[in-house]
Amino acid sequence: MGRKVQLKEICYARSGDKGDICNVGLMAKDENAYKIIKAQVTAEAVKKHFEGIVKGNVERYDLDNLQALNFVLRNALGGGATRTLMMDQTGKAFGNNLLRMEVELPD
Amino acid sequence: MKKIRMGVGSGYWGGLIEPAIEIVEKGDIQYLGLEYLAEVTLIILHKARAKDPSKGYILEAVDYLRRVLPTCASKGIKIISNMGGANPMAAADEVIRVARDLGLKGMKVGVVLGDDLLDRLDDFLERGLRFPNLDTGEEDIGRVRERLVAANAYIGADSMVDALRAGADIIITGRSTDNALYVAPPIYEFGWDWPNGDWDRVGAAITVGHIVECAEPVTGGMSCLWKEVPEPWRIGHPIAEMYEDGTAIITKTPGSGGMVNTWTVKHHLVYESHDPKNYLMPDGIADFTSLKLEDIGPDMVRVTGMKGKPRPATLKVCMGYEDGYIGEAECTVTWPDALEKAQWVEKFLRERFKIIGLLAEEMRFDYIGVNSIHGPRATPPKEELNEVRVRVAVRTRTRAEALKVRREIPILMGAGPAGTTGVFDPPQPRAVWSLWPTLIPREEVPTRLIMKEV
């Protein structure tokens, strides 16, 4: 078994809103990191990570050219910035939250 | 090869002014984009127009233009802005008045109309358009029809290009996309075959517009590399140097703070986008998955390989409707037993709200400093906390109900646990405007251009 690290060690992230949808862009710091996140940070894993916050589906899109993954989180912001009771009304902190997720480094 | 330099003056309502002046003076730009409209902004502007028919546009943009118009006029910098908000004509009249005050004779102002659909809604509904909600899947706008305060289509570059061809120095629109402010100039300058072809090049302009349109977020703002950003307090605004062949260089005002590199550009490429192969804009569809980024010098990133597809048959429409109020208040509890006290405050308020019969549609408590942002994923505190700020937020149907939240929290100063403090003057209830995102066939939204002269 490889060593476990949080995504913040191997990635950057930025997130934002469109209505009640939040998207999180996860950028690998290098090629090796991109291989790891492509294999392990699945839409299902992200949906599980945001359990209790994101109510809808999670979709993943791959940007191989940028070594980045884009996650689209539906029904994520308590109705959207204009009506939500959440502190993070525009989902700006979702990216940092995802950087908490653990992945396993290959041996 | 022919190129143009487009500078970002504003990327959002309430942004920095100094870099917006600096870019005009030192950016060596030919175009200046001024963007102000978030989803909620337009609703606020519609409300302002309803109160006073001469208002409903971005007043701050007029103050800014007063400071830069003489320089723009002498350097020949063309200005494109969606500062018109809910009232583009009133905005244009005010800008013309300011230009006359400044003695700037002969400037041409293009006003773009047609995005505001509110007065046409009944006609659309009679003709069978139902405007299904893209977020919730609800099929008919009927339920909220009476509460609608705004309905604007996101329009593209068509009438802006017409305005440039008619010699406009300043173009003022309502809800044009942020993006179109940077798509119109290259179409006009390079004579691209649009909207019939040249989709890769238009896709490139859309991509470039997306990279720069928010201003600071591509010059070092909002970045995971925040520790490395030089002199962020005088952060520079971005400049897109667009080439005729559909390549670009992203840079910023020379000598300004902040930074531009492949990381800052990457950060923004993934921002507020969904399917990166299909970034839908009224002017075309950009594909972000083929492009290449390259650091070619200090604060200079070359973007090549951008692709695009024909523009969609529909336009996005954002409608906004009145949807009650939010009442919120905060207090601070302190060591010892800060977390336990926070839980006590929550229990206390929940019971108080029952006693006074508060009619809440939704209620939320946050322990700021503990888990208010990352929720269930936040690490539980391992040691005793020094303090916790407790926030309560409640959505209600009426303002009177929301006011009850405001009135209850000062009671904690008398009835709460030892050391409860920091109540101050809780905020007044804020009105909630919910959004109804939907689509409309493009041919239903013809835009039109009115040319005026200073």
What are the residues in the range A:90-107 that are in contact with a helix residue (DSSP H, G or I) (Cβ under 9 Å, 6 or more places away or on another chain) and more than 7 Å from chain B (Cβ to nearest Cβ), if any? A:96, A:98, A:99, A:101, A:102, A:103, A:104, A:105, A:106
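Quick check on residue A:47: is it loosely packed, with under 15 Cβ neighbours inside 10 Å and within 27 Å of residue B:437 (Cα to Cα)?
Working: loosely packed, with under 15 Cβ neighbours inside 10 Å: no; within 27 Å of residue B:437 (Cα to Cα): yes.
In short, no.
Name the one entry in B:181, B:134 that is within 25 Å of the chain's Cα centre (by Cα) and open to solvent by less than 30 Å² (accessible area, probe 1.4 Å). Give the steps one after another, and end with the answer.
Values: B:134 fails: open to solvent by less than 30 Å² (accessible area, probe 1.4 Å).
After applying the criteria, what remains is B:181.
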So how many residues does the range B:240-267 have that are open to solvent by less than 10 Å² (accessible area, probe 1.4 Å), within 14 Å of chain A (Cβ to nearest Cβ) and not hydrophobic (A, V, I, L, M, F, W, C)? 2
Going by the conditions given, is residue A:35 free of Cβ contacts under 8 Å to residues at least 24 places away in the same chain, more than 9 Å from chain B (Cβ to nearest Cβ) and either in a loop (DSSP other than H, G, I, E, B) or open to solvent by less than 40 Å² (accessible area, probe 1.4 Å) (or both)? no
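Quick check on the range B:189-203. Is at least one of its residues under 13 Å from residue B:281 (Cβ atoms) and touching a Phe, Trp or Tyr at 6+ places or on another chain (Cβ under 7 Å)? Spell out the reasoning first.
Going through the range B:189-203, the residues under 13 Å from residue B:281 (Cβ atoms) turn out to be B:194-195, B:199, B:202-203.
Filter once more, keeping what is touching a Phe, Trp or Tyr at 6+ places or on another chain (Cβ under 7 Å): B:202.
The answer is yes, given that some residue of the range B:189-203 is under 13 Å from residue B:281 (Cβ atoms) and touching a Phe, Trp or Tyr at 6+ places or on another chain (Cβ under 7 Å).
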Taking the range B:24-45 as the region of interest, how many residues are in contact with a helix residue (DSSP H, G or I) (Cβ under 9 Å, 6 or more places away or on another chain), away from chain A (no Cβ under 14 Å) and either of a type in the set (Lys, Arg) or open to solvent by less than 70 Å² (accessible area, probe 1.4 Å) (or both)? 9
Mind counting the residues in the range B:153-178 that are open to solvent by less than 10 Å² (accessible area, probe 1.4 Å) and free of Cβ contacts under 8 Å to residues at least 60 places away in the same chain? 1
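Looking at the range B:268-279, which of the residues that are under 19 Å from the mean Cα position of the chain (by Cα) and at the interface with another protein chain (Cβ under 7 Å from one of its Cβ atoms) is surrounded by the fewest Cβ atoms within 10 Å (Cβ to Cβ)?
First, pick out the residues of the range B:268-279 that are under 19 Å from the mean Cα position of the chain (by Cα): B:268-274, B:279.
When the remaining residues are screened for being at the interface with another protein chain (Cβ under 7 Å from one of its Cβ atoms), the result is B:269-274.
Numbers: B:269: 26, B:270: 27, B:271: 22, B:272: 22, B:273: 22, B:274: 17.
Filtering first and then ranking leaves B:274.
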Could you say which residue among B:67, B:5, B:49 is in contact with an Asp or Glu (Cβ under 8 Å, 6 or more places away or on another chain), at pLDDT 95 or above and open to solvent by 10 Å² or more (accessible area, probe 1.4 Å)? B:5
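Going by the structure shown, is residue B:224 assigned by TED's automatic domain parsing to the domain that holds residue B:35, open to solvent by less than 30 Å² (accessible area, probe 1.4 Å) and either within 19 Å of residue A:16 (Cα to Cα) or of a type in the set (A, V, I, L, M) (or both)?
Values: assigned by TED's automatic domain parsing to the domain that holds residue B:35: yes; open to solvent by less than 30 Å² (accessible area, probe 1.4 Å): no; either within 19 Å of residue A:16 (Cα to Cα) or of a type in the set (A, V, I, L, M) (or both): yes.
For residue B:224, the condition - assigned by TED's automatic domain parsing to the domain that holds residue B:35, open to solvent by less than 30 Å² (accessible area, probe 1.4 Å) and either within 19 Å of residue A:16 (Cα to Cα) or of a type in the set (A, V, I, L, M) (or both) - is not met.
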Condition broken by residue B:150, with the remaining ones in (1) buried (at least 19 other Cβ atoms within 10 Å of the Cβ); (2) within 14 Å of chain A (Cβ to nearest Cβ); (3) over 24 Å from the mean Cα position of the chain (by Cα) satisfied: (3)
First in the range B:329-348 and within 14 Å of residue B:391 (Cα to Cα), second anywhere and open to solvent by less than 40 Å² (accessible area, probe 1.4 Å) and aromatic (Phe, Trp, Tyr), Cβ under 7 Å, 6 or more apart: B:342/B:367; B:346/B:365
Among the numbered criteria (1) in a helix (DSSP H, G or I); (2) surrounded by fewer than 22 Cβ atoms within 10 Å (Cβ to Cβ); (3) away from every other protein chain (no Cβ under 11 Å), which one does residue A:55 miss? (1)
Just to check your reading of the model, which residue among B:92, B:48, B:61 is part of a helix (DSSP H, G or I), of a type in the set (A, V, I, L, M, F, W, C) and touching a helix residue (DSSP H, G or I) at 6+ places or on another chain (Cβ under 8 Å)? B:61
Which ones in the range B:215-274 are hydrophobic (A, V, I, L, M, F, W, C), touching a helix residue (DSSP H, G or I) at 6+ places or on another chain (Cβ under 6 Å) and within 17 Å of residue B:3 (Cβ to Cβ)? B:240, B:242, B:248, B:250
Taking residue A:87 as meeting all but one of (1) under 15 Å from the mean Cα position of the chain (by Cα); (2) of a type outside the set (Asp, Glu); (3) at the interface with chain B (Cβ under 7 Å from one of its Cβ atoms), write down the number of the exception. (1)
What's the total number of residues in the range B:402-454 that are away from chain A (no Cβ under 14 Å), surrounded by 16 or more Cβ atoms within 10 Å (Cβ to Cβ) and in a strand (DSSP E or B)? 3
Taking the range B:363-381 as the search range and keeping residues that are of a type outside the set (A, V, I, L, M, F, W, C) and touching a residue at least 24 places away in the same chain (Cβ under 8 Å), which one is farthest from residue A:85 (Cα to Cα)? B:381
Can you tell me which residue is least open to solvent (accessible area, probe 1.4 Å) among those in the range B:98-126 that are among the charged types (D, E, K, R) and in contact with a helix residue (DSSP H, G or I) (Cβ under 9 Å, 6 or more places away or on another chain)? B:115
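The values are calculated or read from the model by the stated rules, or taken from the named source; none is laboratory data. Because the structure is a prediction, the values reported are computed rather than measured. As a convention, Cβ positions derive from the backbone with ideal geometry for all residues, glycine included, and neighbour counts pool all protein chains shown. The protein model used for the area step is the full one, side chains on, heavy atoms only, and it has no ligands, DNA or RNA in it. Shrake-Rupley method; radii C 1.70, N 1.55, O 1.52, S 1.80 Å.
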